[in-house]
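As structure tokens, the structure follows; a few thoughts come after it.
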Amino acid sequence: MHRFEYFAPTSLDEAVSLLKERGNGVKLLAGGTDLLVHMKEAGLHPPVVVSLHEVPGLDSIEFDQASELGVGASVDMGEVASHALIQQRYTALAEGAGIVGSVQTRNLATIGGNIANAAPSADTAPPLAVFDAVAVIVGPAGRREVPVIDLVSGPGQTVLATDEIITRFNMPAPTPDTGSTYERHTPRKIMDIAAVGVAVRLSLQDGKIAEGRICLGAVAPTIIRAAEAEAALVGQPPSEELFAKAAKLAQAASSPISDVRGSADFRRYLVGVMTKRCLTTALERADA
Amino acid sequence: MGTFSVDIELGDEAAERFETLSALVDTGATYTVVPRSVLERLAVEPRERAPFLLADGRLVEQDIGQTWIRVDGKSVVTRVVFGEDESRTLVGAYALEGLLLAPDPVGKKLVPVEGLLMATTSQKFEVNYTINGRNYHTYIEPNRTLLEVVRDELRLTGAKEGCGTGDCGACSMIVDGKLVTSCLMLAPQANGAEITTIEGLAENGNLHPVQQAFLDQGAVQCGFCIPGMIMAGKALLDSNPKPTEREIRSAIAGNLCRCTGYTKIVEAISAAAEA
């Protein structure tokens with residue numbers, strides 16, 4: 001790796017002022033599983049690296065029964081995946097975090113980094129989106145909140161200013177009869193990047209779908225919500241025909257590219273298969 | 001790296017007497033070595049004795065003096081080691097740095113290079129690690145990975161660098177209780193950490209059960225991936241003492257064995273769990 005100046009601020013304020021002072025070219029270091037690879041192999045040579053490891057308060061998971069779940073941006077994938085409450089009530093998120101990389105890289109990679117890195121295939125992004133997660137962002141002007149679905153503006157691009165830091169993700173508590181899941185398709189089972197990722201949440205009330213969320217990864221420049229498919233679900237009793245219809249609408253919402261992990265046609269086909277399968281799994285879990 | 005010869009002029013400290021010699025440029029040599037008889041002809045006196053580590057691992061004490069060295073019209077004062085009379089004159093890196101020359105092993109000649117002033121701008125960080133229960137303290141540049149520092153500075157070479165990008169798991173260590181790929185951690189990031197490497201698994205001369213099982217099951221082929229595999233196996237059994245085969249395979253999914261000896265590796269971890 002090329003030389004760089006390294007800072008390990010011990011407060012969020014200090015981190016934000018460093019980013020503000022040093023401007024473009026500063027890279028934030030969280031887990032390092034993307035940043036270090038880019039610095040070693042992809043020609044990224046930032047003059048300054050600011051580590052978030054010594055900044056307190058970013059690595060906690062808090063759950064408030066009445067309102068919401070908060071996951072600090074520095075919480076690693078291993079912790080998200082093994083957290084009992086997340087497994088139980090935010091199942092899709094535990095599944096997404098649990099499938100990233102390997103044991104070793106899950107112990108390093110953070111949820112904040114997975115989102116800020118802004119890959120269309122990020123495995124925790126569709127799960128966060130189906131739980132209507134909001135990112136808490138801190139910058140020189142203070143604090144603002146941006147829904148995760150609106151945070152990424154293109155491959156590798158976010159709406160974050162260079163001096164802003166994601167500190168936390170907040171998600172409202174799902175209603176009691178809620179089920180969710182995340183599935184991805186990869187050419188090889190583990191240590192690969194999603195060719196297609198699908199997250200689904202179904203919240204039931206009186207035998208009907210009160211709220212449905214379908215979020216697709218790796219089939220557009222950013223993660224996308226299949227809005228028409230979601231609208232088709234609302235107020236309906238779940239059925240195979242309904243799920244087939246929603247899967248078709250989700251396919252129509254996708255705009256995949258052809259690359260080494262699959263052709264555009266194959267990916268669009270998978271969106272249909274996987275959306276239907278995810279709806280079925282989410283329903284089973286909501287009923288359970 | 002190759003060696004080649006150049007003509008050098010060697011002079012006494014006062015630069016009054018010079019002698020022309022054919023010298024070997026060896027890219028592996030740090031110091032310039034000159035036969036004692038030549039130095040005596042130039043009336044160069046030994047100034048001190050210092051220990052030198054030879055390529056074969058032997059430590060020897062040698063006399064050191066100071067001379068002028070002139071190559072391609074450039075000259076500089078350098079330290080020289082008093083060599084055996086029958087040995088050849090060697091030009092080392094220390095003199096070449098002073099002359100701003102570098103060996104071109106392909107063209108077999110010395111070429112002018114720019115001096116490096118980088119050392120004055122590089123940040124050094126003090127780091128403390130507890131590795132296998134022992135305290136280590138060193139100063140490192142921040143662009144070095146934990147793996148590089150543990151291997152190259154602290155000389156614990158059990159962990160290996162395969163890919164350098166977190167895909168192969170050969171560099172696996174347990175840092176503050178978590179199995180990580182140490183090639184993806186900056187060295188200052190791990191300051192203050194408790195680290196376990198493969199060197200720390202055996203206790204009082206007894207191998208760790210996972211290590212013993214790898215031997216008993218014949219799970220080792222070329223051996224390069226094994227330190228990482230054993231660390232991954234140990235980390236699994238620490239949190240899940242009776243794993244299923246599927247859980248074992250998932251736990252070592254981030255460890256590549258290019259001999260493809262996975263079956264025996266999985267059997268060894270399974271046997272260690274039953275032991």
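List of remarks:
Residues checked against (1) within 14 Å of chain A (Cβ to nearest Cβ); (2) of a type in the set (Val, Ile, Thr):
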| site | (1), (2) |
| --- | --- |
| B:Ser182 | yes, no |
| B:Gln189 | yes, no |
| B:Asn206 | no, no |
| B:Leu215 | no, no |
| B:Phe224 | no, no |
| B:Arg249 | yes, no |
| B:Val266 | no, yes |
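- Scanning segment B:64-98 for residues that are in contact with a Phe, Trp or Tyr (Cβ under 9 Å, 6 or more places away or on another chain), surrounded by 15 or more Cβ atoms within 10 Å (Cβ to Cβ) and part of a strand (DSSP E or B) yields B:Ile64, B:Gly65, B:Trp68, B:Arg70, B:Ser75, B:Val76, B:Thr78, B:Arg79, B:Val80, B:Val81, B:Leu90.
- Selection count where residues are buried (at least 16 other Cβ atoms within 10 Å of the Cβ) and either assigned to a strand (DSSP E or B) or among the hydrophobic types (A, V, I, L, M, F, W, C) (or both), scope segment B:168-221: 27
Matching residues to (1) in a strand (DSSP E or B); (2) in contact (Cβ under 8 Å) with a residue 60 or more places away in the chain; (3) of a type in the set (A, V, I, L, M, F, W, C):
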| site | (1), (2), (3) |
| --- | --- |
| B:Ser5 | yes, no, no |
| B:Glu13 | no, yes, no |
| B:Ala29 | no, yes, yes |
| B:Leu39 | no, no, yes |
| B:Ala43 | no, no, yes |
| B:Pro46 | no, no, no |
| B:Phe52 | yes, no, yes |
| B:Gln62 | yes, no, no |
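- In segment A:1-50, the residues that are without any contact (Cβ under 8 Å) to a residue 60 or more places away in the chain, away from chain B (no Cβ under 12 Å) and either out of contact with any strand residue (DSSP E or B) (no Cβ under 7 Å at 6 or more places or on another chain) or crowded, with 16+ Cβ neighbours inside 10 Å (or both): A:Pro9, A:Thr10, A:Ser11, A:Asp13, A:Glu14, A:Leu18, A:Glu21, A:Arg22, A:Gly43, A:Leu44
- Cβ-Cβ under 8 Å pairs, at least 6 apart or on other chains, segment B:194-216 side at negative phi, far side among the acidic types (Asp, Glu) and surrounded by 20 or more Cβ atoms within 10 Å (Cβ to Cβ): none
- Among the candidates A:Val130, A:Val159, residue that is without any contact (Cβ under 8 Å) to a residue 24 or more places away in the chain, in contact with a helix residue (DSSP H, G or I) (Cβ under 7 Å, 6 or more places away or on another chain) and over 26 Å from A:Glu54 (Cβ atoms): A:Val159
- For the residues B:Ile140, B:Ile131, the requirement of being among the aliphatic types (A, V, I, L, M), within 14 Å of another protein chain (Cβ to nearest Cβ) and closer than 30 Å to B:Ile174 by Cβ singles out B:Ile140.
Just so you know, all these numbers are worked out from the coordinates, no wet-lab data involved. In this text the structure is predicted, and so the values were computed from the model without any measurement. All Cβ positions, glycine included, derive from the backbone under ideal geometry; neighbour counts span all protein chains shown.
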